[in-house]
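In what follows, a structure is listed as C-alpha cells, so that the remarks can point back to it.
Each value in this text was obtained by applying a stated rule to the coordinates, not by laboratory testing. In this text, all values refer to a predicted model and were calculated from it rather than measured experimentally. Quick reminder, even Gly has a Cβ in these numbers, built from the backbone with ideal geometry, and neighbours come from all protein chains shown.
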Amino acid sequence: FDVSIEVGGQALANFLASLQAADGETWPTLPGVSPSLARIVTEGTNIDPGNNQQLADALSLVTGDAVDVVITATGDIDMATLLIENSGGTVNYVYPPYIVANVSLRQVASLGATDAIANIRLPQMVHIVDSELEPMYGPNTSEGVSASNASAWHTAGYTGAGVKVGVVDIEFDRWQNSDLAGCIVDVRYANGTAYDGTTNGLLVHGTAVSEIICDMAPGADVYGRAVATDVDFVNAVNYLVDTVHVQTINASIGLAYQPGDGYDLMSLVVNDVVQNDDVVFVVSAGNEYESHYEGQLTTTYVSAGDFPGWNMHAFNGSNDYMNFVVGNLFVFYYSQLHCQGLIWNDWAAPFDTDLDLYAFRWNNGNPVIVGRSETDNIDTGNPTEEVCLYTDVDDAYGYAIRAKTVPARTIWIQFFERYAGSLGMEYTYPYSSNSSPSTALYA
C-alpha cells in the first residue's frame, strides 16, 4: 500500500471519517492530574481496560485506595510537602521540584487543584534500552573481556574483589541457573521481595547484563534490583546506596516521557548519588535511535469530501501525516503489543499546546482507529500522549498526530516506541534519542 495517501482520495476521506468519529471520546480530566490517574480517580478502579495496555498499567499501580505518585511542586517544595502530609499522604523522597509520595485516591483531585502543586502523575513505566541482549550459558566469556584485555588486569590482581555493584533492570529470569553463582549475591524487586528466579523464563536482560559485569570483574559482588517504573527506580537506587552500600550502579533502562534536559526525576536521582555518595553510575544511551522520530511540528490542513478539515502533523514536512510502525511493508500479527508515545516542549506553565495521538490499522485503505490519546494537555499541564495496545487483527498499523491547539512559537515534538528497538518506524530521527536517566549530568 501507499502510505502517503493522495489528498482527495477515498482513503483520505475514510481516514478523516474514522478520526473524527473518535474525536470527543476523551477521558475525564482533573486540573493538575495526569490522564490515567484522573480517570481512575473519577471512575474508580473497576474499569475494564480492554486492549488498552496504558490503562491496564495504570490500574496495576493502585493498591486499595492508595497509590504511589510523582508530584511536581510549582515553587515552594516545603508547602507542597506539607499539603501532602496534611492530606494523610506519606512523602517518601524529595528531589526538587519532584516529590515521590503515597496518597489516597480520594485526595488526588484536591491536591491537584492547589496552587502549590503543578502536576500529579502515576509512576511511569520504564523500558529496556537493548531488548536483544541474551545471557550465555556454559563455558562462555563475554566478548568484552578479550576486547578490553581485562584478563591481563585479572592476572595482575584487579578482579573487582571488595567492590559492590548494583544492577537496576526490569528482568532477571534464569539468574539462578546461569553461570553467576558466587558473583550475584542477591536479586530482588524494588519493594524488597525476592525475585522469583524463574529457571526457564524469557525475561533475561538483567541476567545478561550481570553476566557481563561478572566476566569483567569476577571478584565483585553484584546485587540486582528489578524495577518496572521510575518510582521503582528511585526506591531501588536509594536501597542499593543506603543499605547495600554499592560503589557502582548499572542501569540499562530508559524513560522517554521527560523533557530531555537532565532535570527529570530519574536523572536527578542519578546526580544525587553520584555527587553525594560517590557512586559511579553507568547508563545505556542511544539504543532508541531506530524507534525515535523528532522534529518541528509541521501542520498541514487535511480535508476530504464533506468532512471538516483538521490540522495534522506532516511527518515528511509536506503531505505525509502518517508514521507507520515497522515500515510500510510489514504487518503486525494478532495480539502483538505496541506502545507509541508523543512528547513536546511544553513542560512549564503557562501551557499552550494541545496535541492528540491516534493509532489506526490500514484495513485495505479504509483506516480503522484502534487507539487514541486525546488528553486536554493545556488543562492538565501534561505534554504527553501515549497509545499502548494489543493488536486485534493481522494488519499494517500506523499513527497520526492532530494539532488541536498550537501557539505561534516553535513546537518540537518527539515520537517514540516505549519498547525501544523492537519495532522501528517509517520515519526516524536517530539524533538526541537518549532517554532518562542517560540524560543525567553526572551519569
With at most 13 other Cβ atoms within 10 Å, longest stretch of the chain clear of loop GluC sites (Glu not before Pro) (DSSP)
133-443
Within a Gaussian network of the chain (alpha carbon springs, distance under 10 Å), most fluctuating of GLY206, GLY64, GLY309:
GLY64
Among [x] 34.6; [y] 24.2; [z] 22.1, the entry derived from the coordinates for mean projected area of the Cα convex hull in nm²
[z]
Mean separation of Cα contacts under 8 Å (6+ apart) over length of region 134-251, as relative contact order %:
40
Mean-square fluctuation maximum in Gaussian network of the chain, Cα pairs under 10 Å, restricted to TYR189, TYR95, TYR301, hits TYR301
With θ set to phi - 60° and the Karplus curve 6.51 cos²θ - 1.76 cosθ + 1.60, what are the ³J(HN,Hα) couplings of region 432-438 in order, to the nearest whole Hz, using x for Gly and Pro?
6, 8, 5, 10, 5, x, 5
Total formal charge among the other residues, if their Cβ is under 12 angstrom from that of VAL91, Lys/Arg +1 and Asp/Glu -1
-3
Under Karplus coefficients 6.51, -1.76 and 1.60, residue-wise ³J(HN,Hα) of region 378-383 in Hz, glycine/proline x
5, 5, 8, x, 10, x
Residue of ALA251, ALA194, ALA116 that the Gaussian network model of the chain assigns the largest fluctuation, springs spanning Cα pairs under 10 Å
ALA194
Rounded to the nearest 5, what % of the DSSP beta bridges within the chain are antiparallel ones?
75
When only C-alpha pairs under 8 Å and at least 6 residues apart count, what is the relative contact order of the chain, in percent?
20
